[in-house]
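The values are calculated or read from the model by the stated rules, or taken from the named source; none is laboratory data. Everything quoted here is computed from the prediction, not taken from an experiment. Cβ placement follows ideal geometry from the backbone for every residue including glycine, while neighbour counts extend to all protein chains displayed. Ligands, DNA and RNA are stripped out before the accessible areas are found, and what is left, the full protein with its side chains, is counted by its heavy atoms. Shrake-Rupley method; radii C 1.70, N 1.55, O 1.52, S 1.80 Å.
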Amino acid sequence: MGFRRQSTNLFRKLLFLPLTLAALVPATLLFLLLYTEWGKPLTTVESIKRDGVLLVATRNSATTWYEGPNGPTGPEYDLVTAFAESLGVKAEFVIYERDSEIMNAVENGEVHLAAPGMVLNGMPQRIRPGPVYQYISRQLVYRAGSPVPASLYEVGDDEIEIAEGSHHGELLEQLGEKGELVASWKSSPDMDVEQLLYLLQEKAIKYTIANSNVVDFNRRFYPDLRVAFDIGLPQPLQWAMPRRKDTSLHQRVREYFQHIRRNGKLDTVLTRYYAHVDLLTFADTHTFWKNVESRLPRFEPLFRRVSRTSGYDWRLLAAIGYQESHWNPEAVSPTGVKGLMMLTNDTARLVDIADRTDPEQSLVGSTRYLKLLDEQISEEVKMPDRQWFILAGYNVGFGHLEDARILTRRLGGNPNIWQDVREHLPLLAQTKYHTTLKHGYARGREPVVYVDNIRNFYELLVWHTSFRTASAENADKPDSLHAREKSL
């Protein structure tokens, strides 16, 4: 009997153990879910990291995101891409045509944030603005030769035309309510601000409103554009995010901008895109476009042919040629450099060119010299900065360029970033600096102007060829910009 009772007790204990475990496991899991991190929903940043993608709304424009010769580029593209990298994810851009569409995408949670390059004043409560990273002015723009209004009171009915869905419409409504604008205005469907600036250049409209950074970029393309006056006070540019209880993304954006302000990344990006855009005078731009029409057609086939064999964008080669000789194969300088690409005798011998006055030999020799410079420049210098280093070396020589990199490092800059070296190149003309460097004195301001000019001419040619292609594609569309141009 005693043995049987012991066996029964043991059996009961063995039976009770799995029942107890079966009850404890769910209870333990429930406890962990309710009272530990496991039970919390993912934050926005955690969700982004889990998915590996940051969805970003923006516009297709020179001041935000656009397709460049080497892929996507633009100020907002650079800033957003670097932010995504700081999260360990990739940025995926969603392109919208209208400002209102961008804001709707943010409100509806279709994207994680917007980098629209626009003023966010008066935005809905459901949108949370990020930190201010740049200030711009809103400007009334007209064409040279037109009457210049001193204020909005002098603007007539329907003389101001803006893009439909633009935040400038809200500005004009506010000014009308305050009595500062008495005239009516109109919005243009299927038009962005850059297309309206083109119509302004072509005398199809009388006035439009654009942000100052957009005007600065486009005055090179449309040399007759003028600014009548700024409207209101300078306005901040900010990113936009959905307003939620979870502020993790907003906090990371704030930390990111604080970081790039401290380490100079923000200044580097803005300088990269804006420093050179206002260096060409109106006369420079007019002369350039005149030569595009009269001289470039003769040499474009040559630039394209040499581009295919050298690997350089033909428009970059054309920009160098314009800076060197204004596409004049018979050009000769007082120092004896000559030809389409203005090669010296020493350079011609180095790259095995017999006749500097022959346009094709001159261009082929130029590309050979560019490649020689490319091979000498440190591999630490990456594109697109590398492109500007090569051009600086083409102008001032590789030795002086290396001196400038050494000086840049010595003075606390980054010798692998063009903007930092660009800042220090002019110091090669100062005794206290060039006497401490291997190659001595150089007119360091010249390569800075040289590279800035070529960047401008290159961007103008990229725009010109892109616009020409777009116009050809739209030729048969009755509601297109091309059709409106033909009706002028």
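Observations on the model:
- A straight chain from R298 to H259 at 0.36 nm per residue would run longer than the Cα-Cα distance by 9.0 nm.
- Pairwise Cα distances in the stretch 302-377 exceed 20 Å in 22 percent of cases.
- Percent of alpha-carbon pairs separated by more than 17 Å within the stretch 181-273: 67 percent
- Hull-based mean projected area of the stretch 46-104, where the convex hull spans the alpha carbons, in square nanometres: 4.4 nm²
- Within the stretch 52-91, none of the GluC sites (Glu not before Pro) combine a DSSP coil assignment with at most 14 other C-beta atoms in a 10 angstrom radius.
- Amide H contacts under 5 Å for G130, placed H, 5+ residues apart: W239, A240, M241
- Antiparallel DSSP beta bridges within the chain, percent to nearest 5: 60 percent
- Karplus-derived 3J(HN,Hα) values for the stretch 300-310, using 6.51 cos²θ - 1.76 cosθ + 1.60 with θ = phi - 60°, are 4, x, 5, 4, 5, 5, 5, 4, 5, 8, 9 Hz; glycine and proline are entered as x.
- Accessible-area composition of the chain, carbon plus sulfur, in percent [1.4 Å probe]: 52 percent
- Net charge, D51 excluded, C-beta distance under 11 Å - Lys, Arg +1, Asp, Glu -1: +1
- Mean separation of Cα pairs under 8 Å and 6 or more residues apart, divided by the residue count, gives the stretch 100-200 a relative contact order of 26 percent.
- Semi-axis lengths (Å, descending) of the ellipsoid that matches the C-alpha gyration tensor of the stretch 142-218: 19, 15, 11
- Only helices enter this figure: runs of n ≥ 4 DSSP H residues, each worth -39500 (n - 2.57), summed and divided by the residues of the chain, yield -16000 deg cm²/dmol at 222 nm to the nearest 500.
- Solvent exposure of the chain, expressed per residue, is 50 Å² of accessible area, with all protein chains present and a 1.4 angstrom probe.
- Averaging the sequence gap over all C-alpha pairs within less than 8 Å and six or more residues apart, then dividing by the number of residues, gives the chain a relative contact order of 12 percent.
- As a calculated quantity, the FRET efficiency between A183 and S100 at R0 = 22 Å, using C-beta atoms, amounts to about 0.45.
- Directionally averaged projected area (convex hull, Cα atoms, the chain), nm²: 37.4 nm²
- Net +/- balance of residues flanking A91 in space, Cβ distance below 11 Å, scoring K and R +1, D and E -1: -3
- Vicinal HN-Hα couplings computed from phi for the stretch 436-453 (Karplus, 6.51 cos²θ - 1.76 cosθ + 1.60; Hz; Gly/Pro x): 9, 10, 4, 9, x, 5, 8, 7, x, 6, 4, x, 5, 5, 4, 5, 4, 5
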